[in-house]
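Participant: Okay, handing you the structure first.
The values are calculated or read from the model by the stated rules, or taken from the named source; none is laboratory data. These numbers were taken from a predicted model, which means no experiment stands behind them. Backbone-built Cβ (ideal geometry, glycine too); neighbour counts: all protein chains shown.
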């Protein structure tokens with residue numbers, strides 16, 4: 001595995017791989033890798049001849065009071081994990097490599113970004129769309145892999161790729177969970193043991209929601225209320241949002257008639273966790 | 001010359017040309033071609049193995065009270081002109097091919113777009129940046145050519161290309177003028193004979209400005225005032241703006257110390273024309 005820090009090195013390595021006829025697979029990450037990331041990389045490895053992973057904690061997608069500075073970082077461990085799943089190229093740029101000054105351009109996806117996490121994290125998805133379009137232009141992958149845990153991010157990126165005619169395929173990959181159900185996240189490391197235990201209410205409430213749908217529930221206001229009620233019983237949990245939205249447009253759904261997304265964000269102490277599941281009417 | 005209307009046809013033709021080892025040159029236009037456009041195409045022809053021209057009157061860069069509907073169009077004539085300079089591929093998409101609904105993404109370049117034409121045409125450069133980034137992603141050129149007459153557009157696109165890491169070269173091409181000095185523009189066709197004659201004051205005032213600089217004038221407020229005074233003597237001319245700005249950042253300049261841009265927009269009846277020259281301190 002080659003580790004590079006400059007855009008020029010990425011371009012040259014990818015150019016050579018493409019010249020050799022290889023399909024380019026790409027997994028953009030913010031590092032502090034866990035089994036969710038490794039699942040994306042393994043899928044890339046199985047579908048692409050040349051696998052590129054980026055590790056970049058993107059400052060522009062963090063709000064002023066968010067956790068950019070304390071976001072967990074462990075490059076040495078991340079390198080070993082990438083090597084263990086046979087990544088070909090690890091791109092780990094400095095902030096100045098990605099945002100040389102002056103920097104003035106932003107990519108915005110309207111409509112999908114005002115609800116859910118976009119409502120509590122203004123500007124977040126502009127930061128995501130901008131950095132992801134930059135990384136796509138640097139790596140020029142044929143296919144890129146994103147975790148479905150960040151469902152709104154997947155929807156935003158798919159919309160951006162279609163709207164800007166980016167010539168690549170986006171592959172959403174199902175959320176990977178701990179054995180007890182907690183969705184994997186680099187931010188889980190922030191949790192105290194008590195918070196870690198309390199956070200199980202997230203996957204439990206979503207599983208209950210899916211059970212209710214399978215039992216015939218189609219009223220999505222009632223379903224969201226049931227999720228909220230279960231989470232409210234957990235003293236350490238503070239709900240940011242619980243919403244049931246249309247799967248692609250992310251607009252609120254009253255009655256389940258096609259695929260929808262039950263999505264939530266909940267704080268445990270200073271730590272904000274997100275999770276979601278898809279709901280199918282049949 | 002091949003004429004296509006779909007993105008898929010462009011991608012396939014460019015893929016084949018690239019596979020044959022050809023450099024891809026691109027000239028995006030809104031059609032109603034004149035010698036300025038043909039100069040861009042000839043330069044592309046001399047520098048690229050495969051020359052793509054797009055003709056697309058982009059609705060999103062026109063304001064609600066602007067001339068989108070009446071913008072001049074003559075595809076048959078444009079086709080003949082493109083063929084006459086040996087263009088390889090002419091892309092002439094319908095609006096629905098470029099903006100299928102829903103469409104939600106926009107590319108914005110801050111700072112460069114609030115002055116000059118950006119001030120009198122709010123949203124114009126967002127429309128330009130978005131459609132140009134789409135066209136770049138569709139054509140994937142190695143090099144793209146833009147007329148320096150639209151100097152602010154060139155600055156915005158160069159900034160966007162750098163910021164988004166688009167892997168292509170932008171070549172600005174000097175403004176082509178009629179024998180009497182009027183900068184070529186598809187909008188010149190709107191002018192009545194009297195307005196056409198009056199519009200000569202634009203190039204005349206800019207030539208005077210350059211003469212004053214060559215004679216030692218370094219005070220750019222005084223220079224702008226001299227340009228405004230000359231234009232004000234023309235009864236059919238109504239000034240939108242006359243500004244002297246830094247060449248790259250497009251910020252106002254008080255004293256000429258490095259390359260600057262003298263740029264203006266002036267109305268003659270319903271027709272708004274722009275022109276500019278570069279000013280060098282030595």
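Participant: Of everything in region A:121-135, what is in a helix (DSSP H, G or I) and over 16 Å from the mean Cα position of the chain (by Cα)? Give them in sequence order. Talk me through it step by step, then tell me what you get.
Facilitator: Kept after step one, since they are in a helix (DSSP H, G or I), are these residues of region A:121-135: A:124-135.
If the condition is that a residue be in a helix (DSSP H, G or I) and over 16 Å from the mean Cα position of the chain (by Cα), then A:134 is the only one that fits.
Participant: Assess whether residue A:82 counts as being in contact with a strand residue (DSSP E or B) (Cβ under 7 Å, 6 or more places away or on another chain), away from chain B (no Cβ under 14 Å), in contact (Cβ under 8 Å) with a residue 24 or more places away in the chain and under 24 Å from residue A:8 (Cβ atoms). Talk me through it step by step, then tell me what you get.
Facilitator: On the way: in contact with a strand residue (DSSP E or B) (Cβ under 7 Å, 6 or more places away or on another chain): yes; away from chain B (no Cβ under 14 Å): yes; in contact (Cβ under 8 Å) with a residue 24 or more places away in the chain: yes; under 24 Å from residue A:8 (Cβ atoms): yes.
The answer is yes for residue A:82.
Participant: Has region B:245-252 got at least one residue that is buried (at least 19 other Cβ atoms within 10 Å of the Cβ) and either modelled with pLDDT under 95 or in a loop (DSSP other than H, G, I, E, B) (or both)? First the steps, then the outcome.
Facilitator: Applying the first criterion (buried (at least 19 other Cβ atoms within 10 Å of the Cβ)) to region B:245-252 yields B:245, B:250.
Right, trim to either modelled with pLDDT under 95 or in a loop (DSSP other than H, G, I, E, B) (or both) and you get B:250.
Scanning region B:245-252 turns up at least one residue that is buried (at least 19 other Cβ atoms within 10 Å of the Cβ) and either modelled with pLDDT under 95 or in a loop (DSSP other than H, G, I, E, B) (or both).
Participant: Within the bounds of region A:81-98, is there any residue that is assigned to a loop (DSSP other than H, G, I, E, B) and surrounded by fewer than 15 Cβ atoms within 10 Å (Cβ to Cβ)?
Facilitator: Yes, region A:81-98 contains a residue that is assigned to a loop (DSSP other than H, G, I, E, B) and surrounded by fewer than 15 Cβ atoms within 10 Å (Cβ to Cβ).
Participant: A further question follows. Which number in (1) surrounded by fewer than 17 Cβ atoms within 10 Å (Cβ to Cβ); (2) under 25 Å from residue A:167 (Cβ atoms) marks the one condition that residue A:10 misses?
Facilitator: Only one criterion is unmet by residue A:10, namely (1).
Participant: With the structure loaded, tell me whether residue B:101 is assigned to a helix (DSSP H, G or I) and either within 14 Å of chain A (Cβ to nearest Cβ) or crowded, with 18+ Cβ neighbours inside 10 Å (or both) or whether it fails that test. It would help to see each step written out before you state the result.
Facilitator: Values: assigned to a helix (DSSP H, G or I): no; either within 14 Å of chain A (Cβ to nearest Cβ) or crowded, with 18+ Cβ neighbours inside 10 Å (or both): yes.
It is false that residue B:101 is assigned to a helix (DSSP H, G or I) and either within 14 Å of chain A (Cβ to nearest Cβ) or crowded, with 18+ Cβ neighbours inside 10 Å (or both).
Participant: Do you know which residues across region B:268-282 are assigned to a loop (DSSP other than H, G, I, E, B) and under 29 Å from residue B:65 (Cβ atoms)?
Facilitator: Hits for region B:268-282 are B:269, B:270.
Participant: Answer yes or no as to whether residue B:242 is closer than 30 Å to residue B:129 by Cα, buried (at least 18 other Cβ atoms within 10 Å of the Cβ), modelled with pLDDT of 95 or more and more than 14 Å from chain A (Cβ to nearest Cβ). Talk me through it step by step, then tell me what you get.
Facilitator: Numbers: closer than 30 Å to residue B:129 by Cα: yes; buried (at least 18 other Cβ atoms within 10 Å of the Cβ): yes; modelled with pLDDT of 95 or more: yes; more than 14 Å from chain A (Cβ to nearest Cβ): yes.
Yes: the conditions hold for residue B:242.
Participant: Also, I was wondering about something else. Just to be sure I understand, how many residues within region B:129-164 are surrounded by fewer than 18 Cβ atoms within 10 Å (Cβ to Cβ) and facing another protein chain (nearest Cβ under 10 Å)?
Facilitator: 1
Participant: I'm told residue B:172 meets every condition in (1) away from chain A (no Cβ under 14 Å); (2) surrounded by fewer than 22 Cβ atoms within 10 Å (Cβ to Cβ); (3) in contact (Cβ under 8 Å) with a residue 40 or more places away in the chain except one. Can you identify the failing condition by its number?
Facilitator: (3)
Participant: Among the residues that make up region B:217-228, is at least one of them without any contact (Cβ under 8 Å) to a residue 12 or more places away in the chain and in a helix (DSSP H, G or I)?
Facilitator: Yes: region B:217-228 contains one or more residues that are without any contact (Cβ under 8 Å) to a residue 12 or more places away in the chain and in a helix (DSSP H, G or I).
Participant: Do you know which of the residues in region A:267-276 that are buried (at least 22 other Cβ atoms within 10 Å of the Cβ) and in contact with a helix residue (DSSP H, G or I) (Cβ under 6 Å, 6 or more places away or on another chain) is farthest from residue A:119 (Cα to Cα)?
Facilitator: Looking at the filtered set, the residue picked out is A:268.
Participant: Would you say residue B:36 is surrounded by 16 or more Cβ atoms within 10 Å (Cβ to Cβ), touching a helix residue (DSSP H, G or I) at 6+ places or on another chain (Cβ under 9 Å) and under 20 Å from residue B:249 (Cα atoms)? If you could, list the steps in order and put the result at the bottom.
Facilitator: Numbers: surrounded by 16 or more Cβ atoms within 10 Å (Cβ to Cβ): yes; touching a helix residue (DSSP H, G or I) at 6+ places or on another chain (Cβ under 9 Å): yes; under 20 Å from residue B:249 (Cα atoms): no.
The answer is no for residue B:36.
Participant: Is there a residue being surrounded by 21 or more Cβ atoms within 10 Å (Cβ to Cβ), at the interface with chain A (Cβ under 10 Å from one of its Cβ atoms) and either over 30 Å from residue B:262 (Cα atoms) or modelled with pLDDT of 95 or more (or both) anywhere in region B:110-128?
Facilitator: no
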